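Just so you know, all these numbers are worked out from the coordinates, no wet-lab data involved. Because the structure is predicted, anything quoted here is derived from the model rather than measured. Positions of Cβ are backbone-derived with ideal geometry, glycine not excepted, and every protein chain shown enters the neighbour counts.
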Amino acid sequence: MFKIINATGGYGKTTIIQDISLTVNEGEIVALLGRNGVGKSTLMRYATGLIPAMDGQVEIDSKIAPSAPAKRAKMGLGYVPQGRFVFPRMSVTENIAVAAASNGYNPKQTVADFLKDFPMLAPKASDLAGGLSGGQQQILALARALATRPKILLLDEPTEGVQPSIIDEMAGILKRINEQQGIAILVAEQDLDFCLSIAKRAYVMEKGCIKIAVDKESLLADKLLQQELLGV
Amino acid sequence: MEIDFLVTVLLSSLSSAAILLIAAMGLAVVFGLMGVINLAHSEFLMMGAYAALTITKAGVPYLLSIPIAVAITMAIGAVVEILIISRLYGRLFDTMLATWGLSMVLLQLAVLLFGTATPSINLPQFNISIGDYQLAGYPLILIGVAVIMLILIYLLMTKTTYGMQARASIQEPEMAQAIGIESSRVNTFTFALGCGLAGFAGAVLLPIIPATPSMGMAFAVKSFLAVVVAGPVALTGTALTAIGLGGGASITASLLTSVAGEVFFFIITAVLLWRYPMGISAKWRRKL
């Protein structure tokens, strides 16, 4: 369903990720693991088109994705970046509404539905997004991505700087949207427990390459691999 | 008699504030919202004035010439954004240099085309009298024009999909693209809108400020200061600074001398920038 094929990319002339291929199947949740600085975020940005491809390509729904990020979003690629990057001087409502409207969905209806689905945001609906707590911003960034009605959702370090109660809530939300709406998810994380609570298999990255692809059970069983690649 | 004098001073100060607000609105969008320093801004005001002047001379009613002037300056603004500004986002000094050059070219072009003399349009002038005092009517109309302009731009930016997309593209350009906003197209329109507002200012001020190639300069400094003092909440902030600074300077000028009015403007600006380096609205929890 979603494929990254022979991805090579980086910033300026510096290559950070090299010849990476991975696949996320229809309705699947896949984790992207690895220590800090192995290139997980760069791979995510490569997938969205926010950094130009030096080589390789991305396929969404078995169609080759055009290079412009906005076009990829319209093909069904949702993105929740590391550090959230909500629109700070726009209200919670507007953050969701602009995402829906830009993809041809009714903004008012989407906001009403989402405030029901994410009760945590409802009391903050007319507050500026910049004034929310880290956890609330993370939920909002997720809601904003979902308002584009994605087929595949890319999540970059969703638990970073988020209080534990919201981490649990987020795991619940991700499972729910995956099961009910069949949205496929690729989640980059350092928090192994969070990942393995939702994902069935994982790719492990090291130095800008995919080291191995493993399923949840083998990774849980292999303490040596966990220590070597993830430092846990 | 005293009351008449106060009302007269108040009305003329409000119209000074309105004129400053009309001239600063385009800057509030281009600099306040987008963060682009367009040093050719005063030339857009001038082009709006000459456009309205030329069209009126061709026999079109003055009121009809205003929207045409806006359309022309918007179109030129869009071309400038696509050719120059879009390549320089995030490069403040390069943008300043490029637009400074553009400003010189446009200024000289206007001198070549229209000369430095001051052609005027003959619009029926009217006065209203308050007690013993006479006030020109047109500047008073501009108070209403400024209010309507402010409300319309505020509604455009907060209530429409374009407005939300424009603010999203400016606040987080990458994320705006990642949720499907064609931000380069949106930015072109926003910049063009700012230029169109400058053109509107030039056209609508034409009856009281004759078109000359350097007419925009008279507004450039004060408009810029009003927008800088306003800070990140660009529209509400600029409305407030235009009333406070422009109106205050005008009151001071009426009570003392016109020099005192200028001194008031610049001293208050300096004090405000010293107390609020990021602008008076830096901590406001408002959208615009």
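Could you tell me which residue out of B:LEU20, B:VAL233, B:LEU142 lies farthest along the dipole of chain B toward its positive end? Charges go on the beta carbon: Lys and Arg +1, Asp and Glu -1, centred on the Cα centre.
Positive-most Cα among the choices belongs to B:VAL233.
Hey, can you list the DSSP H helices of chain B whose Cα span along the axis is 30 Å or longer and whose average Kyte-Doolittle score is at least -1.0?
B:2-27, B:62-83, B:92-114, B:137-159, B:183-205
Put +1 on the Cβ of each Lys and Arg and -1 on the Cβ of each Asp and Glu in region B:3-215; which of B:GLY202, B:VAL105, B:ILE151 then has its Cα farthest toward the positive end of the dipole?
Final value for the positive-end residue is B:VAL105.
In whole angstrom, note down how far apart the Cα centers of region B:1-66 and region B:272-288 are.
Answer, in whole Å: 24.
Put +1 on the Cβ of every Lys and Arg and -1 on every Asp and Glu Cβ in the protein assembly as shown; which of A:ILE29, A:LEU128, B:PHE189 then has its Cα farthest towards the positive end of the dipole?
Final value for the positive-end residue is B:PHE189.
Using alpha carbon centroids, what distance separates region A:13-33 and region A:58-123, in Å?
22 Å
Full-extension gain between B:VAL147 and B:ALA218, please, as 0.36 nm times their residue separation minus the C-alpha to C-alpha distance. Before the final figure, lay out the partial values.
Numbers: separation 71, 0.36 × 71 = 25.56 nm, distance 2.19 nm.
Contour length minus the Cα-Cα distance gives 23.4 nm.
Any chance you could give the angle, 0 to 90 degrees and rounded to 10, that helix A:164-181 forms with the longest Cα principal axis of chain A?
90 degrees
Scan around A:GLY78 for amide H atoms under 5 Å from its own, H built in the peptide plane at 1.01 Å from N, and keep only partners 5 or more places away or cross-chain.
Close amide H contacts, sequence-distant or interchain: A:LYS151, A:ILE152, A:LEU153, A:LEU154.
Which of B:ILE85, B:ILE66, B:ILE153 ends up with the largest GNM mean-square fluctuation for chain B, with Cα atoms connected below 10 Å?
Greatest mean-square fluctuation among the candidates belongs to B:ILE153.
Run the helix sum for the protein assembly as shown: -39,500 (n - 2.57) per DSSP H stretch of 4+ residues, divided by residue count, reported at 222 nm to the nearest 500 deg cm²/dmol. Walk me through the intermediate numbers first.
Details: 20 runs with 280 residues, N = 520.
Calculated mean residue ellipticity at 222 nm is -17500 deg cm²/dmol.
Can you give the relative contact order of chain B as a percent, counting alpha carbon pairs under 8 Å and 6+ residues apart? Intermediate values should be presented prior to the final figure.
Numbers: 447 pairs, mean separation 101.4, N = 288.
About 35 percent, as a whole number.
With a Förster radius of 41 Å, plug the Cβ-Cβ distance of A:MET54 and A:LEU220 into 1/(1 + (r/R0)^6) and report the FRET value to the nearest 0.05.
Values: r = 35 Å, r/R0 = 0.86.
Calculated transfer efficiency: 0.70.
Rounded, prolate or oblate: which fits chain B when a ≥ b ≥ c are the square roots of the eigenvalues of the alpha-carbon gyration tensor, with rounded for a/c under 1.5 and prolate only if a/b beats b/c?
On the way: a/c = 1.74, a/b = 1.27, b/c = 1.37.
Oblate.
How much length is gained if the chain between B:MET104 and B:LYS159 is pulled fully straight, taking 0.36 nm per residue apart and subtracting their Cα-Cα distance, in nm to one decimal? Intermediate results must be reported in sequence, preceding the final value.
Values: separation 55, 0.36 × 55 = 19.80 nm, distance 3.73 nm.
Result for the pair: 16.1 nm of gain on full extension.
How much of the DSSP beta bridge set in chain A is antiparallel, as a percent to the nearest 5? If you can, show how the numbers build up before the last one.
Details: 22 of 40 bridges.
Counting only bridges with both partners in chain A, antiparallel ones make up about 55 percent.
Got the relative contact order for chain A handy, in percent, Cα pairs under 8 Å and 6 or more residues apart? It would help to have the intermediate numbers written out before the result.
On the way: 457 pairs, mean separation 65.0, N = 232.
Normalised by residue count, the contact order of chain A is 28 percent.
Please state the charge dipole magnitude for chain B, taken about the Cα centre, from unit charges on C-beta atoms (+1 on K and R, -1 on D and E), reported in debye and rounded to the nearest 20. Don't skip to the answer; put the middle values down first.
Values: 12 positive and 10 negative charges, 120 e Å.
Roughly 580 debye for chain B.
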